[in-house]
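Structure record follows, encoded as structure tokens.
Please treat every number below as a calculation from the coordinates, not as lab data. What you see is a predicted model, and the numbers here were worked out from it, not measured in a lab. A quick note on method: Cβ atoms are made from the backbone with ideal geometry, for glycine too, and the neighbour counts reach across all protein chains shown.
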Amino acid sequence: MSENQTSFLPNVLVNSLPKSGTHLLLQIILGIPGMEITPAWVIEDKELDMIKPGSVGPAHLVYSSERALLLKQKNLKVIFISRDLRDVVVSLVHFIMLNKWGNHPWTPYLTSLKTHDERLLTMIKGVSLSNEQYEEFGITEIPNIRQFAQDKLGWCKEQGICSISFEELVIDEESQQKAIMKIIDFLWDDLKLLRISKMELLQKIRGNIKPEGSGTFRKGKIGDWKIEFNEEHKKAFKEIAGDLLIQLGYEKDNDW
């Protein structure tokens, strides 16, 4: 792609609820010819300046109306991805226990629990640690799933950004194609300046999707919670975050 064409590339912020398909969405954006990832994740607002035309920055930024306004002022194209919170719980537990990079702060405490069921329940209900436990594990608490997710879910309703779900991207080929087209339409009003058709761009993007190429990839499946949750897990989840599942459209009521 020529320098003239790269000037028409967007500056993209991929924002996400952790364990919701951040790396899958990054592969989609990086499948656009000429796009590059920022040298680091965006952790603080000042780091948004890393995102230039032709680059994508990954983040797990908390929602606020002030931050939403800032992103608009910086003219960033924001794509937010979320997922069924029950599958987030399952994915989190496996991710923390794998501890691939050896530095997850919750790994020592979860490792101290005897069973996988206990770990799932802890991730649903959260836990506050005593001073003595702090000395042993180095953390004061693990938030419950509502606390973990709610401060980011405001992005789902924010006007002017593209909100997408993990499920849309993986449920089947037709859904994935529709979701990618939604992203393309969000990033550009007109592709003429890029000298590429929508279908050509779609194929390039899909060709860059390699789930196993992600450092955090485990299974990338929908509905693992149905296999891993027992009745106690379901009851606790309904009490703590059942309403969020309804708000997000994953359930019609708490009868699941």
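For the pairs 46/72; 77/152; 74/210; 178/198; 125/210; 152/226, flag any whose C-alpha to C-alpha distance is greater than 22 Å.
Checking Cα-Cα distances, 74/210; 125/210; 152/226 exceed 22 Å.
Okay, helix-only estimate at 222 nm for the chain: each DSSP H run of n ≥ 4 adds -39500 (n - 2.57), divide by all residues, round to 500 deg cm²/dmol; what do you get?
On the way: 13 runs with 119 residues, N = 256.
Theoretical 222 nm ellipticity from helices: -13000 deg cm²/dmol.
Region 1-103: which GluC sites (Glu not before Pro) are DSSP loop and have at most 11 other beta-carbon atoms within 10 angstrom? If you can, show how the numbers build up before the last one.
Details: sites: 3, 36, 44, 47, 66; in loops: 44.
Loop-located and lightly packed - 44.
Quick one: the Cα spread of region 1-119 along its three principal axes, in angstroms, biggest first?
58, 33, 25
To the nearest 20 debye, what charge dipole does the chain have about its Cα centre, counting +1 at the Cβ of each Lys and Arg and -1 at the Cβ of each Asp and Glu? Working shown, then result.
Numbers: 32 positive and 36 negative charges, 129 e Å.
Roughly 620 debye for the chain.
Give the relative contact order (percent, whole number) for the chain; include only Cα pairs under 8 Å separated by 6+ residues.
Working: 342 pairs, mean separation 62.0, N = 256.
It rounds to 24 percent for the chain.
When only C-alpha pairs under 8 Å and at least 6 residues apart count, what is the relative contact order of region 116-256, in percent? Let's see the in-between values first.
Working: 89 pairs, mean separation 35.3, N = 141.
Rounded, it is 25 percent for region 116-256.
Report P(r) for the chain: all Cα-Cα distances, bin width 5 Å, range 0 to the bin holding the largest distance, values in whole percent.
1, 6, 12, 16, 17, 16, 13, 9, 5, 3, 1, 0, 0
Trypsin sites (Lys or Arg not before Pro), restricted to region 77-132: which are DSSP loop and have at most 12 other Cβ atoms within 10 Å? It would help to have the intermediate numbers written out before the result.
Values: sites: 77, 83, 86, 100, 114, 119, 125; in loops: 83, 100, 114.
Listed in order of number, the matching sites are 100, 114.
Among 205, 79, 99, whose Cα lies farthest out toward the positive end of the dipole of the chain, if unit charges sit on the beta carbon of Lys, Arg (+1) and Asp, Glu (-1)?
Towards the positive end, the residue furthest out is 205.
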